[in-house]
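These notes are about the structure you will find just below.
The values are calculated or read from the model by the stated rules, or taken from the named source; none is laboratory data. Remember, it's a predicted structure, so these values are computed and weren't measured experimentally. No Cβ is skipped: glycine too gets one built from the backbone with ideal geometry, and neighbour counts run over all protein chains shown. Heavy atoms of the whole protein, side chains included, go into the accessibility calculation; ligands, DNA and RNA do not. Shrake-Rupley method; radii C 1.70, N 1.55, O 1.52, S 1.80 Å.
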Amino acid sequence: RKEVEQDPGPFNVPEGATVAFNCTYSNSASQSFFWYRQDCRKEPKLLMSVYSSGNEDGRFTAQLNRASQYISLLIRDSKLSDSATYLCVVTLDTGKLIFGQGTTLQVK
Amino acid sequence: EAGVVQSPRYKIIEKKQPVAFWCNPISGHNTLYWYLQNLGQGPELLIRYENEEAVDDSQLPKDRFSAERLKGVDSTLKIQPAELGDSAVYLCASSLGTSGYNEQFFGPGTRLTVL
């Protein structure tokens, strides 16, 4: 079993749609959580951190459920420019970062 | 301010040849990471440096891979000899501190093709 699991998709949605991605992690010692965005043939860039209280940044909302070891990302009112791969990232208490496989979103 | 710099951007070599990648992190960033990314996969950590010390190299295949960060600034990752399965994108990243809460900034990567 992978330490961080994501549905690779692709998720094909029309503009204006709301789409949600999920991520599960197996290590209960996980300390911090992030979503990174990676455009095709580009490097990953931080999209947002994920907190237990949840956090929102414009059209993006991230949630963390420590009990279920589950992270989510919600994108509202999808834009063409949101098309990318979204990587779930977990940091262990040792400082080691583990990336998920990524979920590909295509907005049409 | 310059981001993370990597060179070369692309490299094509024949199997069994050596290859080296160079990374210069963002100025002032103490922590440096080397990742390997295969197509359709997330980055996988190879080695993490805090200043000049390799604090996590558990995923580095030490029979053929080596890395150094002698002065705690720029870093070199080497493969000798390269194998067909080493074809991938090699990403370098840096962060300001050692805490897992610090954002990582990635370079553009080196795309390696082994023939």
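Restricting attention to region B:36-53, report how many residues are at the interface with chain A (Cβ under 8 Å from one of its Cβ atoms) and open to solvent by less than 70 Å² (accessible area, probe 1.4 Å).
6
Just for region A:34-43: of the residues that are more than 19 Å from residue A:22 (Cβ to Cβ) and touching a residue at least 40 places away in the same chain (Cβ under 8 Å), which one is most open to solvent (accessible area, probe 1.4 Å)?
Per the stated criteria, the residue is A:40.
Might you let me know whether region A:35-44 holds any residue that is away from chain B (no Cβ under 14 Å), among the basic types (Lys, Arg) and within 30 Å of residue B:49 (Cα to Cα)?
no
What about residue A:88, is it under 18 Å from residue B:36 (Cα atoms), touching a Cys at 6+ places or on another chain (Cβ under 8 Å) and in a strand (DSSP E or B)?
It is true that residue A:88 is under 18 Å from residue B:36 (Cα atoms), touching a Cys at 6+ places or on another chain (Cβ under 8 Å) and in a strand (DSSP E or B).
When region A:49-100 is examined, which residues are found to be within 14 Å of another protein chain (Cβ to nearest Cβ), polar (S, T, N, Q) and open to solvent by 60 Å² or more (accessible area, probe 1.4 Å)?
Within region A:49-100, A:52, A:94 qualify.
Which of the residues spanning region A:5-33 are in contact (Cβ under 8 Å) with a residue 60 or more places away in the chain and in a loop (DSSP other than H, G, I, E, B)?
Correct list: A:7, A:8, A:9, A:10, A:14, A:15, A:16, A:17, A:18, A:27, A:29.
Of all strands (runs of 3 or more DSSP E) completely enclosed by region B:65-113, which ones contain at least 3 residues that are open to solvent by less than 10 Å² (accessible area, probe 1.4 Å)?
Filter on region B:65-113 gives B:75-79, B:88-95.
So which residues in region B:26-35 are over 10 Å from the mean Cα position of the chain (by Cα) and either in a loop (DSSP other than H, G, I, E, B) or surrounded by 23 or more Cβ atoms within 10 Å (Cβ to Cβ) (or both)?
Passing the criteria: B:26, B:27, B:28, B:29, B:30.
Give the residues of region B:44-64 that are over 11 Å from the mean Cα position of the chain (by Cα) and outside any strand (DSSP E or B), sorted by residue number.
If the condition is that a residue be over 11 Å from the mean Cα position of the chain (by Cα) and outside any strand (DSSP E or B), then B:51, B:52, B:57, B:58, B:59, B:61, B:62, B:63, B:64 are the ones that fit.
Take residue A:19 and decide whether it is open to solvent by less than 20 Å² (accessible area, probe 1.4 Å) and more than 13 Å from chain B (Cβ to nearest Cβ).
Yes.
Here's the yes/no breakdown for (1) closer than 23 Å to residue A:94 by Cβ; (2) without any contact (Cβ under 8 Å) to a residue 60 or more places away in the chain:
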| site | (1), (2) |
| --- | --- |
| B:54 | yes, yes |
| B:58 | yes, yes |
| B:81 | no, no |
| B:89 | no, yes |
| B:97 | yes, no |
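Report, ordered by the first and then the second residue, all pairs with beta carbons closer than 8 Å, sequence separation of six or more or different chains, a first member in region B:102-115 that is in contact (Cβ under 8 Å) with a residue 40 or more places away in the chain and facing chain A (nearest Cβ under 7 Å), and a second member that is small (Gly, Ala, Ser) and in a loop (DSSP other than H, G, I, E, B).
Going by the 8 Å Cβ cut-off, the qualifying pairs are B:107/B:3.
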